[in-house]
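Trainee: Sharing a structure with you now.
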Amino acid sequence: MPRFDDSEKKRAEQEGRLLAKGLNASPGAAYGKAIFDADRAEELGKAGTPVVLVRPETSPDDVHGMLVAKGILTARGGATSHAAVVARGLGLPCVAGCEGIRVNEEQHLFRVVGSDMVIKEGDDISIDGATGEVFAGIIKTMDADFNKETDLKKLLNWADGFRKLGVWANADYPRDAQRAITFGAEGIGLCRTEHMFMEQERLPIVQKMILAKTKAEREAALDQLLPFQQSDFKGIFEAMVDPDSNEGYPVVIRLIDPPLHEFLPSYEELLVDVTRLETQGGHEAELAEKRQLLEAVGSMREMNPMLGLRGCRLGLLFPEINVMQTRAILGAAAELEKAGKKLHPKIMIPLVGHVNELKEVRRQLESAAAEIAREAGRPIDYKFGTMIELPRAALTADQIAPVADFFSFGTNDLTQTTFGYSRDDAEGKFLLKYVEGLDVPGMKDKVKILPLNPFQTLDRDGVGQLVAMAVEKGRKANPDIELGICGEHGGDPDSIEFCNQIGLDYVSCSPFRVPVARLAAAQAALTRSEKDR
């Protein structure tokens, strides 16, 4: 992971080039041209120009630009915002929730709050994802090569001899999976399939599927997506196979989770386009198309999409989407098994809150799995499980466990739904003040509301209690159930200690946090052993 040269960074501070400070959302340092549009970032990045993508906040629409950027800077968002999660998965430095800047998308610039400083498109900036600092100009970076860190690798190998927890990684692309293996991961605990939908050649097909007026039209679009998805999963499975034994590491693939409107242009942008075309006149065909799209997006709008039509709810209303993904996953596995590779795909059904949701989705997908096995002419090794990310799911884990082969605790959403904090807004608006302390008139010291940021370190008293309860209830109802955590807490040492304490089987984190997780898991095991004496 690159970092700034200390002397160069100190010089930049002395020269007054420190512009603002946001949330240290993904470690590492980067410099490049400030670019405010994902399409332009992709164009320049592919041409070899170092780019830092600057956005008010990112969305799935920006992934193609993020893939080629050297770093990400957002004015809004927190530790589990889209920008932060994707950046950590890609190993990109990211500063999120930088409230000290005001991004103007139309003018392609940002202004620094409290000064006359303006950074325009093409200006050089540098960001430090470890500290959250943003600088004007270029600061030289120093690269680190894990394969050359012989002392570190020796220490981690020693640690592996003591830890009880497995250490897996969150990875959405084959290159992430391969990087995770290099860092010592023993499996993939979360592969988010929606990121695959955002590739440029697929997005129009995805949008066609979303806008389909009949099931037949939707299935026709899904048939076009199937080869893309199967190729994606084949690449990930191949990256996770030990070349010596042909034995595959376990791979947990989450079915599509976000609401469908995230794959379409924003309602506000479409409204502006329609209004502009109506005013100009003479663009009847384009206007008709934009109006149709505006109507479709408008029909999908929700007051709170995070609690709306997404996850298993989406799969229950449109089962053909989940069926296509299941066929792609198991089809890829069957293809590789013919070549002698032993694979262990695990299909995760997200956002289950009631056991009947899991029962019905699993029933539908078991049928698709049986069909794939018949076509392959052989049985396929697979498991179905669910993500525990809602308080009700944790409270009723004893009802859900008999229907699941595994639980994976999605502690990002579980923290959000337990606290009632928006993970995208809270950190920038009030949560950091809760942690750092509030200035209260008449009081000398700041008043701290929370000891730690619950999106970075697991809240043991509340969220942790739900997880521990679900572990106990789940294992009692299904002694063979496999239990892991795939939220961002899976790479936090304090949270890992808690996961070891309550008896999880593994933690899963971004690839670059795997070495830290291996060491923390060993420390947790040794600490527990010392306490038990």
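The values are calculated or read from the model by the stated rules, or taken from the named source; none is laboratory data. Please read all numbers here as calculations on a predicted model, not as lab measurements. We place every Cβ from the backbone using ideal geometry, glycine too, and count neighbours over all the protein chains shown.
Trainee: Cβ-Cβ distance below 8 Å, separation of 6 or more or different chains: which pairs start in the stretch 198-216 with a residue that is assigned to a helix (DSSP H, G or I) and end on one that is of a type in the set (Gly, Ala, Ser)?
Mentor: Ile205/Ala221; Val206/Ala221; Lys208/Ala221; Met209/Ala221; Ile210/Ala296; Leu211/Ala296
Trainee: Restricted to the stretch 304-315, and to residues that are surrounded by fewer than 19 Cβ atoms within 10 Å (Cβ to Cβ) and at pLDDT below 95, which residue is farthest from Leu255 (Cα to Cα)? Break it down into steps so the answer makes sense when it comes.
Mentor: Here is the first cut: in the stretch 304-315, the ones surrounded by fewer than 19 Cβ atoms within 10 Å (Cβ to Cβ) are 304-309, 313.
Pick out the ones that are also at pLDDT below 95 and you get 304-309.
Numbers: Asn304: 21, Pro305: 17, Met306: 16, Leu307: 17, Gly308: 16, Leu309: 14 Å.
That would be Asn304.
Trainee: Collect the residues in the stretch 1-44 that are assigned to a strand (DSSP E or B) and either among the small types (Gly, Ala, Ser) or under 22 Å from the mean Cα position of the chain (by Cα) (or both), keeping them in residue-number order. Step through it out loud before you land on a result.
Mentor: Step one: of the stretch 1-44, the residues assigned to a strand (DSSP E or B) are 3-4, 18-21, 23-26, 29-35.
Ala20, Leu23, Asn24, Ala25, Ser26, Ala29, Ala30, Gly32, Ala34, listed by residue number.
Trainee: Name the single residue, out of those in the stretch 264-276 being in contact (Cβ under 8 Å) with a residue 24 or more places away in the chain and in a helix (DSSP H, G or I), that is farthest from Met348 (Cα to Cα). Spell out how you get there, then give the answer.
Mentor: Just the residues of the stretch 264-276 that are in contact (Cβ under 8 Å) with a residue 24 or more places away in the chain, to begin with: 264-267, 270.
Those left that are additionally in a helix (DSSP H, G or I): 267, 270.
Values: Tyr267: 30, Leu270: 34 Å.
Per the stated criteria, the residue is Leu270.
Trainee: Between Pro391, Pro402, Pro379, which is free of Cβ contacts under 8 Å to residues at least 40 places away in the same chain and not charged (D, E, K, R)? Spell out how you get there, then give the answer.
Mentor: On the way: Pro391 fails: free of Cβ contacts under 8 Å to residues at least 40 places away in the same chain; Pro402 fails: free of Cβ contacts under 8 Å to residues at least 40 places away in the same chain.
On inspection, the qualifying residue turns out to be Pro379.
Conditions (1) among the charged types (D, E, K, R); (2) over 20 Å from Ser510 (Cβ atoms), marked per residue:
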| residue | (1), (2) |
| --- | --- |
| Asp6 | yes, yes |
| Ala12 | no, yes |
| Leu23 | no, no |
| Tyr31 | no, yes |
| Gly45 | no, yes |
| Val63 | no, no |
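Trainee: Sticking with this one: If you scan the stretch 290-311, which residues turn out to be outside any loop (DSSP other than H, G, I, E, B), under 18 Å from Arg192 (Cβ atoms) and free of Cβ contacts under 8 Å to residues at least 60 places away in the same chain?
Mentor: Here is the first cut: in the stretch 290-311, the ones outside any loop (DSSP other than H, G, I, E, B) are 290-300, 305-307.
With the extra rule that they be under 18 Å from Arg192 (Cβ atoms), the set shrinks to 305-306.
Answer for the stretch 290-311, where residues must be outside any loop (DSSP other than H, G, I, E, B), under 18 Å from Arg192 (Cβ atoms) and free of Cβ contacts under 8 Å to residues at least 60 places away in the same chain: just Pro305.
Rundown of residues vs (1) touching a Leu at 6+ places or on another chain (Cβ under 6 Å); (2) more than 30 Å from Gly187 (Cβ to Cβ), yes/no style:
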{"position": "Glu219", "(1), (2)": "no, yes"}
{"position": "Met240", "(1), (2)": "no, no"}
{"position": "Pro250", "(1), (2)": "no, no"}
{"position": "Leu255", "(1), (2)": "no, no"}
{"position": "Leu270", "(1), (2)": "yes, yes"}
{"position": "Gly282", "(1), (2)": "no, yes"}
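Trainee: Next question. Please list, ordered by first then second residue, the pairs with beta carbon atoms under 6 Å, 6 or more apart or interchain, first in the stretch 76-99 and without any contact (Cβ under 8 Å) to a residue 60 or more places away in the chain, second not hydrophobic (A, V, I, L, M, F, W, C).
Mentor: Going by the 6 Å Cβ cut-off, the qualifying pairs are Ala83/Thr58; Ala83/Thr74; Ala83/Gly77.
Trainee: Next up: State whether the residues of the stretch 512-530 include one that is touching a residue at least 24 places away in the same chain (Cβ under 8 Å), outside any helix (DSSP H, G or I) and either hydroxyl-bearing (Ser, Thr, Tyr) or in contact with a helix residue (DSSP H, G or I) (Cβ under 7 Å, 6 or more places away or on another chain) (or both).
Mentor: Taking every residue of the stretch 512-530 in turn, none turns out to be touching a residue at least 24 places away in the same chain (Cβ under 8 Å), outside any helix (DSSP H, G or I) and either hydroxyl-bearing (Ser, Thr, Tyr) or in contact with a helix residue (DSSP H, G or I) (Cβ under 7 Å, 6 or more places away or on another chain) (or both).
Trainee: Given the condition within 28 Å of Asn412 (Cα to Cα), of a type in the set (Phe, Trp, Tyr) and in the same structural domain as Pro174 (by TED's automatic domain parsing), answer yes or no: does some residue in the stretch 215-231 qualify?
Mentor: So far as the stretch 215-231 goes, no, none of its residues is within 28 Å of Asn412 (Cα to Cα), of a type in the set (Phe, Trp, Tyr) and in the same structural domain as Pro174 (by TED's automatic domain parsing).
Trainee: Could you grab me the full set of residues in the stretch 110-131 that are surrounded by fewer than 19 Cβ atoms within 10 Å (Cβ to Cβ), closer than 22 Å to Ala25 by Cα and in contact (Cβ under 8 Å) with a residue 40 or more places away in the chain? First the steps, then the outcome.
Mentor: If we filter the stretch 110-131 for residues that are surrounded by fewer than 19 Cβ atoms within 10 Å (Cβ to Cβ), which is where we start, we get 111-118, 120-124, 130-131.
Okay, now just the ones that are also closer than 22 Å to Ala25 by Cα, so 111-113, 124, 130-131.
If the condition is that a residue be surrounded by fewer than 19 Cβ atoms within 10 Å (Cβ to Cβ), closer than 22 Å to Ala25 by Cα and in contact (Cβ under 8 Å) with a residue 40 or more places away in the chain, then Val112, Val113, Asp124, Ala130, Thr131 are the ones that fit.
Trainee: On to the next question. Taking into account only those residues within the stretch 442-481 that are within 18 Å of Met387 (Cα to Cα), touching a helix residue (DSSP H, G or I) at 6+ places or on another chain (Cβ under 8 Å) and assigned to a loop (DSSP other than H, G, I, E, B), which is modelled with the lowest pLDDT?
Mentor: Checked the stretch 442-481; the qualifying residue modelled with the lowest pLDDT is Phe455.
Trainee: With assigned by TED's automatic domain parsing to the domain that holds Ala96, under 23 Å from the mean Cα position of the chain (by Cα), at negative phi and not charged (D, E, K, R) as the only criterion, which of Thr182, Thr131 stands out?
Mentor: Matching residue, one of Thr182, Thr131: Thr131.
Trainee: Would you please name the residue that is nearest to Val68 (Cα to Cα), looking only at residues in the stretch 224-257 that are surrounded by 14 or more Cβ atoms within 10 Å (Cβ to Cβ) and acidic (Asp, Glu)?
Mentor: Asp232
Trainee: Please enumerate the residues belonging to the stretch 226-263 that are farther than 16 Å from Met196 by Cα and part of a loop (DSSP other than H, G, I, E, B).
Mentor: Hits for the stretch 226-263 are Met240, Asp242, Pro243, Asp244, Ser245, Asn246, Tyr249, Pro250.
Trainee: Being modelled with pLDDT of 90 or more and closer than 24 Å to Ala83 by Cα narrows it down to one residue among Asp398, Asp413, Asp424; which is it? Please lay out each step first, then the result.
Mentor: Numbers: Asp398 fails: closer than 24 Å to Ala83 by Cα; Asp424 fails: modelled with pLDDT of 90 or more.
Answer to the check: Asp413.
Trainee: Hey, can you tell me all the residues within the stretch 374-386 that are under 29 Å from Gly474 (Cα atoms) and surrounded by fewer than 19 Cβ atoms within 10 Å (Cβ to Cβ)?
Mentor: Within the stretch 374-386, the first condition is being under 29 Å from Gly474 (Cα atoms), and the residues that meet it are 379-386.
Residues satisfying the conditions are Pro379, Ile380, Asp381, Lys383.
Trainee: From Ile347, Ile321, grab the single residue that is β-branched (Val, Ile, Thr) and touching a strand residue (DSSP E or B) at 6+ places or on another chain (Cβ under 8 Å). Break it down into steps so the answer makes sense when it comes.
Mentor: Working: Ile321 fails: touching a strand residue (DSSP E or B) at 6+ places or on another chain (Cβ under 8 Å).
Result of the check over Ile347, Ile321: Ile347.
Trainee: Something else now. Consider the stretch 367-417. How many of its residues are assigned to a helix (DSSP H, G or I), among the hydrophobic types (A, V, I, L, M, F, W, C) and more than 30 Å from Glu427 (Cβ to Cβ)? Step through it out loud before you land on a result.
Mentor: Initially, the stretch 367-417 is screened for residues assigned to a helix (DSSP H, G or I), giving 367-376, 391-395, 397-403, 411-417.
Adding the requirement that they be among the hydrophobic types (A, V, I, L, M, F, W, C) leaves 368-370, 372-373, 376, 393-395, 397, 400-401, 403, 414.
Filter once more, keeping what is more than 30 Å from Glu427 (Cβ to Cβ): 368-370, 372-373, 376, 400-401, 403.
The total comes to 9.
Trainee: Given the structure, is Val447 touching a Leu at 6+ places or on another chain (Cβ under 9 Å), of a type outside the set (Ser, Thr, Tyr) and in the same structural domain as Lys383 (by TED's automatic domain parsing)?
Mentor: Working: touching a Leu at 6+ places or on another chain (Cβ under 9 Å): yes; of a type outside the set (Ser, Thr, Tyr): yes; in the same structural domain as Lys383 (by TED's automatic domain parsing): yes.
Yes: the conditions hold for Val447.
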